1. Go through the range A:137-185 and flag every residue whose accessible area shrinks by 10 Å² or more with all protein chains in place compared to the isolated chain (probe 1.4 Å).
2. Around A:GLY55, under 15 Å between beta carbons, what's the net of Lys plus Arg minus Asp minus Glu among the other residues?
3. I'd like the FRET efficiency for A:THR59 and A:LYS284, computed as 1/(1 + (r/R0)^6) with the beta carbon distance as r and R0 of 30 Å, rounded to 0.05.
4. With a 1.4 Å probe and all protein chains left in place, how much of the accessible area of the range A:206-292 comes from carbon and sulfur atoms, in whole percent?
5. Can you work out ³J(HN,Hα) from phi for every residue in the range B:10-26, in order, using Karplus 6.51 cos²θ - 1.76 cosθ + 1.60 and θ = phi - 60°, giving whole Hz and x for Gly and Pro?
6. Out of all DSSP beta bridges in chain B, what portion is antiparallel? Express it as a percent rounded to 5.
7. What is the set of long-range amide H partners of A:PHE11 at a cut-off below 5 Å, with H atoms built 1.01 Å from backbone N?
8. In the range A:193-292, if the dipole is taken from +1 on Lys/Arg beta carbons and -1 on Asp/Glu beta carbons about the Cα centre, which of A:ALA225, A:GLY258, A:ILE287 is farthest to the positive end?
2 protein chains.
Amino acid sequence: MVKPIENVAIFGGTHGNEMTGIYLVKKFLKNPHLLQRKTLKVFPFLSNPKAIELGIRYTEIDLNRCFALEDIENLDNILYEQLLAKTIHQKLRTNQINFLVDIHSTTSAMGLTIILSDKNDFHLKLCSYLSLIHPEVKVLYYVSKEKNQLLRSNTELGLTVEVGAIPQGVLEADLFMKTEKVIYSLLDYLDKYNQNKIEEKSHTLIIYEVFERIDYPRNKEEITAMIHPNLQSKDYQPINIGDPLFMTFDGETITYQGDSTVYPVFINESAYYEKAIAMCLTKKREITLNHG
Amino acid sequence: MVKPIENVAIFGGTHGNEMTGIYLVKKFLKNPHLLQRKTLKVFPFLSNPKAIELGIRYTEIDLNRCFALEDIENLDNILYEQLLAKTIHQKLRTNQINFLVDIHSTTSAMGLTIILSDKNDFHLKLCSYLSLIHPEVKVLYYVSKEKNQLLRSNTELGLTVEVGAIPQGVLEADLFMKTEKVIYSLLDYLDKYNQNKIEEKSHTLIIYEVFERIDYPRNKEEITAMIHPNLQSKDYQPINIGDPLFMTFDGETITYQGDSTVYPVFINESAYYEKAIAMCLTKKREITLNHG
């Protein structure tokens, strides 16, 4: 069993143009009572103040790629976000944070997604609880190529909340309210966990596991095709061999040539054009869990 | 009667993160035969190359606010976009452009919108023709507060094509293809017009006329409410007195208190947060026209 979760950090604005997390954290900062739970201290943080002020993803380098320990410890890393990562890392230590939530948004139609980079029993039971209360919650297992670069990798326990579709720089009330509710349920769970009050309940949890990223077709640097209209906004829907993936600017269809049914996510995410990712392919797994 | 339209300019990338126009113009530059018409010369242009390369709206100042003649002639105006505006202005003169199309996209759900800043007979008949062929086309009459700042004000005849909802930095195949078709119909019309081949046809044209802009509720600089979920993506739908406009972060509703039915557009446009515009209110007018 994991020891009690005493100090929780909630981050918004790790990307300065993802407004849901930014305005949620601003709300929490103004109304700390909303985060109060019997057995927890909860710390809301705005991750990247300069990028938030400018309304851009980052000023010099993606903050959410700056947390590898060798980068934190490298004194030659002095870009704004690299320095910020060192401070955030220190802040987490100082406050003895043992659970971390990082709120993001995406231009992909991913609804309410929880991203895990570790499928330990604690995370799985928590996700199972959240998806029981909020049936629309989806769970994505996504380990980055370069491990531990992400803000969420700073603590053993923690997760990313990823909501969409929302354009960058836009607030949408509906997803704002839904995300807020998931955060409260999460804190409730941690509080119950600390008090050993989690009810036993058998539940099948579905997890989508990223196993591959696909780039847009390109000619040198330039993309030569768009996400196929049949695939746009179809995150988490199955695609089979022969199903359309892309459409060239001349209207030709490029199809999927893999060998099994897959479930794409992060389809047509704005910030991923520069990262050469048109979508991430996942496999769907079912896990049966007992709470408690 | 207007004299023949001989030289047409089509601009994309006046805002460097609005991908539909950028990739349409790139397609036209690679395939000039697509723009060939008997009586027309058509020039595709990428408006703001530096902003396009960086994937941002503008580098120093909004290019689409730099075209007032006093600004063009002011030799002290030396920001990147101000210099660019002078060059574009010169280019239009040199090529004797007498019709200009500027392609934009928006995070608001405005579908295929044609924006006019002059309701002359030529423009109205053209819009009437386009909305007959493409029934989803909407016509918006929108005169900026500071007149003639826009790219489209460089020539007596011309219009803006505004498509959405699309997040900034994202290409959507469906709207890309629809926009492309409208451009071709527009060129067909100009070509027919030059040959005196426009068929007479009576048609009722609906025009939405912007008469007011509304800001988000704010406390100093900070917004204190979001677009109400009932209003999100409801561009061109009627709102009446008492209908919800905003929702505060605490969930309270702020309603419309005007005195007649209005039709909002540019609801929750990402780039308009900094311009203090949450939406533009329009009145709906019907005009009966005879083509020819």
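1. A:PRO167, A:GLN168, A:GLY169, A:VAL170, A:LEU171, A:GLU172, A:ALA173, A:ASP174, A:PHE176, A:MET177
2. -2
3. On the way: r = 38 Å, r/R0 = 1.26.
Plugging the Cβ-Cβ distance into 1/(1 + (r/R0)^6) gives 0.20.
4. 43
5. So the Karplus estimates, Gly and Pro as x, are 10, 9, x, x, 4, 10, x, 10, 9, 6, 4, x, 4, 6, 5, 5, 4 Hz.
6. 55
7. The answer is A:PHE45, A:VAL101, A:ASP102, A:ILE103.
8. A:ILE287
The values are calculated or read from the model by the stated rules, or taken from the named source; none is laboratory data. Here the structure is a predicted model, which means the values were calculated and not measured. Glycine also receives a Cβ, built like all others from the backbone with ideal geometry; neighbour counts cover every protein chain displayed. Just the protein is used for accessible areas: all its heavy atoms, side chains included, with ligands, DNA and RNA removed. Shrake-Rupley method; radii C 1.70, N 1.55, O 1.52, S 1.80 Å.
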